[in-house]
Amino acid sequence: MRYSRKKTKRHQKTELKYRVNEQITAPEVKLIDETGNFLGVVATEKALEQAREKELSLVEVSPKDTPPVAKIIDYGKLQYQKQKQERKQKLLQKKSETKIIKLSVRIGKHDIEFRLNKTKKFLEDKNKVKIELNLKGREKQHKDVARKIIEDFIEKIKEDENLNIIIEQPIKYKGNGFSAFLINNK
């Protein structure tokens, strides 16, 4: 069975599209001039004439009101301001990532310390951490040893006072190894 990889309509962003000048279908509008003053309810044709006199556009700002609210502004400037605001919001948005720390049954002390420091750094940066321990060949007979390694690793992380660790998903055996998810709640 083939799966469709196309994004459906519910995944697509809906952009706010303004009606401009002749696109406005309402017979009359609540008019606001370029300085923000309310001019009252005016026929759409008169509002268009006023916008043309000032060499600006008539933009329907709030189409759901009765009658709709229209504003006399520079449409290009409005679009630029909107794009600028979207970029600003995108920069302010922090995307937390899932970082993966891989351990093994035969891991050395120095390697554990190194991975411990990396894990603490990831958790301080508000990233979710997945701890993995994959078993190969004869190691699969010693699941208790592998579980103990992950438990000790998590206990060492919890000893840090700067972090408030929450185990989002406890240690689980899946496929050929163990995994656990940690997050910092500080």
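The values are calculated or read from the model by the stated rules, or taken from the named source; none is laboratory data. Since we're looking at a predicted model, the values are computed, not measured. Cβ atoms come from the backbone with ideal geometry, glycine included; neighbour counts cover every protein chain shown.
Numbers at a glance
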read-out: Among residues of the range 159-185, those that are within 25 Å of the chain's Cα centre (by Cα) and not in a strand (DSSP E or B), counted; value: 3
read-out: For K7: the one exception among (1) assigned to a loop (DSSP other than H, G, I, E, B); (2) modelled with pLDDT of 80 or more; value: (2)
read-out: Check on D74, exposed (fewer than 12 other Cβ atoms within 10 Å of the Cβ) and among the acidic types (D, E); value: no
read-out: Pair list, Cβ under 8 Å, 6 or more apart: the range 164-186 residue within 23 Å of E139 (Cβ to Cβ), other residue assigned to a strand (DSSP E or B) and aromatic (F, W, Y); value: Q169/F181; I171/F178; K172/F178
read-out: Conditions (1) among the β-branched types (V, I, T); (2) over 34 Å from the mean Cα position of the chain (by Cα); (3) surrounded by 14 or more Cβ atoms within 10 Å (Cβ to Cβ): number failed by V61; value: (2)
read-out: Every pair of residues 6+ apart whose Cβ atoms lie under 8 Å, when the first sits in the range 92-107 and is among the charged types (D, E, K, R) while the second is part of a strand (DSSP E or B); value: E97/K128; K99/K128; K99/V129; K99/K130; K102/E132; K102/L133; K102/N134
read-out: Set V105, V41, V29: member being in the same structural domain as D160 (by TED's automatic domain parsing) and of a type in the set (A, V, I, L, M); value: V105
read-out: Residue check for K158: of a type in the set (D, E, K, R), under 22 Å from L123 (Cβ atoms) and in the same structural domain as D111 (by TED's automatic domain parsing); value: yes
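A quick yes/no check of all residues on (1) assigned to a helix (DSSP H, G or I); (2) under 27 Å from the mean Cα position of the chain (by Cα):
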position: Q79; (1), (2): yes, yes
position: K84; (1), (2): yes, yes
position: R87; (1), (2): yes, yes
position: I101; (1), (2): no, yes
position: K121; (1), (2): yes, yes
position: I131; (1), (2): no, yes
position: V145; (1), (2): yes, no
position: I150; (1), (2): yes, no
position: I157; (1), (2): yes, no
